[in-house]
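Read-outs throughout are calculated quantities, based only on the coordinates presented, and are distinct from any laboratory measurement. The structure presented is a predicted model; accordingly, all values stated were derived computationally and were not measured. Glycine also receives a Cβ, built like all others from the backbone with ideal geometry; neighbour counts cover every protein chain displayed.
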Amino acid sequence: MDTQTHEIADGIFRFTTFVAEIGPDGFTFNQFLVRAEQPLLFHTGPRHMFPSISRAVGRVLPLESLRWIAFGHVESDECGSMNQWLAAAPRAQIAHGAVGVMVSLNDLADRPPRSLGDGETIDLGGKRVRHLDTPHVPHCWEARVLFEETTRTHLCGDLFTHTGNGPPLTRRDIVGPARAAEELFRASCYTPASGATIRRLATLEPRTLALMHGSSFEGNASTALLDLADAYDGWLEKA
Ligand SMILES: [Fe+2]
Ligand SMILES: [Fe+2]
């Protein structure tokens, strides 16, 4: 298992581990590190990837300096190794939305998590992240994204999931590949609120989209989000 590291925006590092056996052309699992006075990791990776991912993160900064552990929702690829990270970083704390903390993380996390209200920010010192609740988008009640304001980067989790082992950062279309992956995996919830939830993310005018599965995107990210919202509306109608 080999985890690769790339800086996709100023001080935002992407760690990617490619698994060839998933899907028609393989699948990536990505974590993101926001380097700041209070460093934040977004996605922990599953437990069995912890040795490889933590080694890669440790080449960017000492693991024990991590202050925040965050992720999109409660599934093993998002947060399976959270307690391994908490053990490696004694000052680190999990930060998630109120629903996730109440329903799962108060119990699952080895140390008490911080509960964030919708729109609440954490000043990391040099970077600043805004928590946004996105219930059931793309899936799970406690789903959320984090928006890093200084680089205008959406840490958008499973949104735009696509297969393959593309470049760390692309300017090419990511909505087409995301549509194809959704047809394949059927991983998303389509509700009457889904389109509006995604359109709200576009109003922040992001510059970069940091995806958990697939290439990160740089370019007209608002348009990509609006196109994805339309795709959700279409899937809902079809369903
Ligand atoms: Fe997920
Ligand atoms: Fe995921």
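For region 43-180, what does the alpha-carbon gyration tensor say about shape, rounded, prolate or oblate, given a ≥ b ≥ c as the root eigenvalues, a/c under 1.5 as rounded, and a/b over b/c as prolate? Here region 43-180 falls in the rounded category. 3J(HN,Hα) couplings calculated from phi for region 110-121 with the Karplus curve 6.51 cos²θ - 1.76 cosθ + 1.60 (θ = phi - 60°) are, in sequence order, 6, 10, x, x, 8, 9, 10, x, 4, x, 5, 10 Hz; Gly and Pro show x. Projecting the Cα atoms of Thr161, Gly97, Ala87 onto the dipole axis of region 51-174, where Lys and Arg carry +1 and Asp and Glu carry -1 at the beta carbon, places Ala87 farthest toward the positive end.
Name the residue from Thr191, Ala56, Gly117 whose Cα lies farthest towards the positive end of the charge dipole of the chain, charges +1 on Cβ of Lys and Arg and -1 on Cβ of Asp and Glu. Farthest towards the positive end: Ala56. A simple charge model with +1 on the Cβ of Lys and Arg, -1 on the Cβ of Asp and Glu and nothing else charged puts the dipole of region 9-99 at about 340 debye relative to its Cα centre. Across region 1-52, the volume of the C-alpha convex hull divided among the residues equals 84 Å³ per residue. Extension gain, Glu120 to Thr5, is 38.5 nm, computed as 0.36 nm per intervening residue step minus the present C-alpha separation. Along the Cα-to-Cβ line of His48, 7 Å from the Cα, sits a label point; which residues in region 56-78 have backbone N less than 16 Å from it? The answer is 76-78. Taken one residue at a time, the phi angles of region 131-137 give Karplus couplings (6.51, -1.76, 1.60, θ = phi - 60°) of 8, 10, 6, 9, x, 6, 10 Hz. Gly and Pro are set to x.
Rounded to a whole number, what is D in µm²/s for the chain from Stokes-Einstein with the Kirkwood radius over alpha-carbon pairs (25 °C, 0.890 mPa s)?
Details: Rh = 17.5 Å.
The Stokes-Einstein estimate is 140 µm²/s.
Please give the charge dipole size of the chain, origin at the Cα centre, charges +1 on K and R Cβ atoms and -1 on D and E Cβ atoms. Round to the nearest 20 debye. Don't skip to the end; give the middle numbers.
Details: 22 positive and 29 negative charges, 107 e Å.
The dipole of the chain has a size of about 520 debye.
Taking label points 7 Å from Cα along the Cα-to-Cβ direction, Leu61 and Thr203 give a separation of 3.1 nm. A viscosity of 1.567 mPa s and a temperature of 4 °C, combined with the Kirkwood radius over C-alpha pairs in the Stokes-Einstein formula, give region 108-223 a diffusion coefficient of 86 µm²/s. If only the Cβ of Lys and Arg carry +1 and only the Cβ of Asp and Glu carry -1, the dipole of region 109-239 around its Cα centre is close to 240 debye.
Remark on Leu124: its backbone amide H falls under 5 Å from those of Val129, a criterion applied only to residues 5 or more positions apart or on other chains, H modelled at 1.01 Å from N.
Sequence-ordered 3J(HN,Hα) estimates for region 230-239 from the Karplus curve with 6.51, -1.76 and 1.60 and θ = phi - 60° stand at 4, 4, 4, 4, x, 5, 5, 4, 4, 5 Hz, glycine and proline given as x.
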